[in-house]
Amino acid sequence: LMSSARIYSPPIADNWRIFGPGGYGFANPIEGFVSRGVFGTGLELRLPEVKASAFLHESVGTYSRPGGGATLDWYLTDRISIGAAVEFFSIDTPLRALYYGITSDEYAVRAAYRWHEERKLELVASYQPFTDGNQRFSAGLSFQQRLVTVPHFWLTGLAELSVSTNSLTDVPYYRPAADLTATVGLLAEHVLWRDYDRSLVQALKVVGGLYSERGYRENWLGVALYEHRWRVDPLTEFHYGVQVSRRTYDGAEWQELAFLIGLRQRI
């Protein structure tokens, strides 16, 4: 189970906001129960061309240690944006690694080009060093193209290519020496009901493709997500859904059924 939340204050002097990141997750690997709770505080600056934040957090549970990070997004033009982020004791550290006292930091960069509201290309790359000596590099390229735009319905095409490498493979968490994922898919969004600022939207996302891991044969993967998005008023948005997926890890097939729920509440 994984959950996360981020609470923002109303704007301070127009451009500043205080926020509090938090979350909780637990897992039951073969070694035993593992958990991580995160809570903290941060400060965010929003300007027309720049968005930046810095934060500190504390982790409790199987492995307790402080952490923190910073982010920067720069909108060079209406179409081009770049960004960078760093986090110490990354939230992406595998829970199973914490059982053995292993943590990781993360350094990431991104660049995006948006032709208009219907087409976007984005490149992301990250470096994640672990305290056990493993060094993980990953990169991904994603493309979105609106295919159909009619009243109350949108259909978007999705394509994504990602790769990753790990310098060590004899570690107690998932660490492919090298892998590649290539997927294509569709996202359909339909407005079931709207009354001024209130609305109900149903969305169906279907993605399929190829997963290749060094040392194992290629296999296919698939993900299907169906969700409802309720906008109760201009300040409150609630969504929930169900997701089924098929993936492979070290040549073994895994099937997953997940229930998702989320709330965005503006103050």
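The values are calculated or read from the model by the stated rules, or taken from the named source; none is laboratory data. Predicted, not measured: the structure shown is a model, and the values here were computed from it. Positions of Cβ are generated from backbone atoms using ideal geometry, with glycine treated the same way; all protein chains shown enter the neighbour counts. Surface accessibility is based on the protein's heavy atoms, side chains included, excluding ligands, DNA and RNA. Shrake-Rupley method; radii C 1.70, N 1.55, O 1.52, S 1.80 Å.
May I ask you to verify whether A125 is out of contact with any helix residue (DSSP H, G or I) (no Cβ under 7 Å at 6 or more places or on another chain), within 29 Å of W154 (Cβ to Cβ) and open to solvent by less than 60 Å² (accessible area, probe 1.4 Å)?
Numbers: out of contact with any helix residue (DSSP H, G or I) (no Cβ under 7 Å at 6 or more places or on another chain): yes; within 29 Å of W154 (Cβ to Cβ): no; open to solvent by less than 60 Å² (accessible area, probe 1.4 Å): yes.
So A125 does not fit the description; no.
Can you name the residue in the stretch 17-31 that is out of contact with any Ser or Thr (no Cβ under 9 Å at 6 or more places or on another chain) and either acidic (D, E) or farther than 25 Å from I261 by Cβ (or both) and, of all such residues, is most open to solvent (accessible area, probe 1.4 Å)? Steps first, please.
Taking the stretch 17-31 as the starting set, the residues that turn out to be out of contact with any Ser or Thr (no Cβ under 9 Å at 6 or more places or on another chain) are 28-31.
From the residues that got through so far, the ones that are either acidic (D, E) or farther than 25 Å from I261 by Cβ (or both) too are 30-31.
Values: I30: 152, E31: 49 Å².
Filtering the stretch 17-31 for residues that are out of contact with any Ser or Thr (no Cβ under 9 Å at 6 or more places or on another chain) and either acidic (D, E) or farther than 25 Å from I261 by Cβ (or both), the one most open to solvent (accessible area, probe 1.4 Å) comes out as I30.
So if I check each of D197, D233, which one is open to solvent by less than 80 Å² (accessible area, probe 1.4 Å) and at pLDDT below 95? Step through it out loud before you land on a result.
Working: D197 fails: open to solvent by less than 80 Å² (accessible area, probe 1.4 Å).
From the options D197, D233, the qualifying one is D233.
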Subject >> Among (1) without any contact (Cβ under 8 Å) to a residue 40 or more places away in the chain; (2) open to solvent by less than 70 Å² (accessible area, probe 1.4 Å) - the single one I102 does not satisfy >> reply: (1)
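Residues D179, D170: which one is open to solvent by 60 Å² or more (accessible area, probe 1.4 Å) and within 30 Å of R96 (Cα to Cα)?
Numbers: D179 fails: open to solvent by 60 Å² or more (accessible area, probe 1.4 Å).
Unique residue meeting the criteria: D170.
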Original post:
Can you find a residue in the stretch 32-53 that is loosely packed, with under 15 Cβ neighbours inside 10 Å, of a type in the set (D, E, K, R) and touching a helix residue (DSSP H, G or I) at 6+ places or on another chain (Cβ under 7 Å)?
Top reply: no
Original post:
Looking at the stretch 206-217, is at least one residue within 30 Å of I261 (Cβ to Cβ) and without any contact (Cβ under 8 Å) to a residue 24 or more places away in the chain?
Top reply: yes
Original post:
Out of E160, E227, E218, which single residue is surrounded by fewer than 14 Cβ atoms within 10 Å (Cβ to Cβ) and among the acidic types (D, E)?
Top reply: E218
**OP:** With the condition kept exactly as written, say whether any residue in the stretch 142-153 is among the small types (G, A, S) and either open to solvent by 50 Å² or more (accessible area, probe 1.4 Å) or outside any strand (DSSP E or B) (or both).
**Re:** no
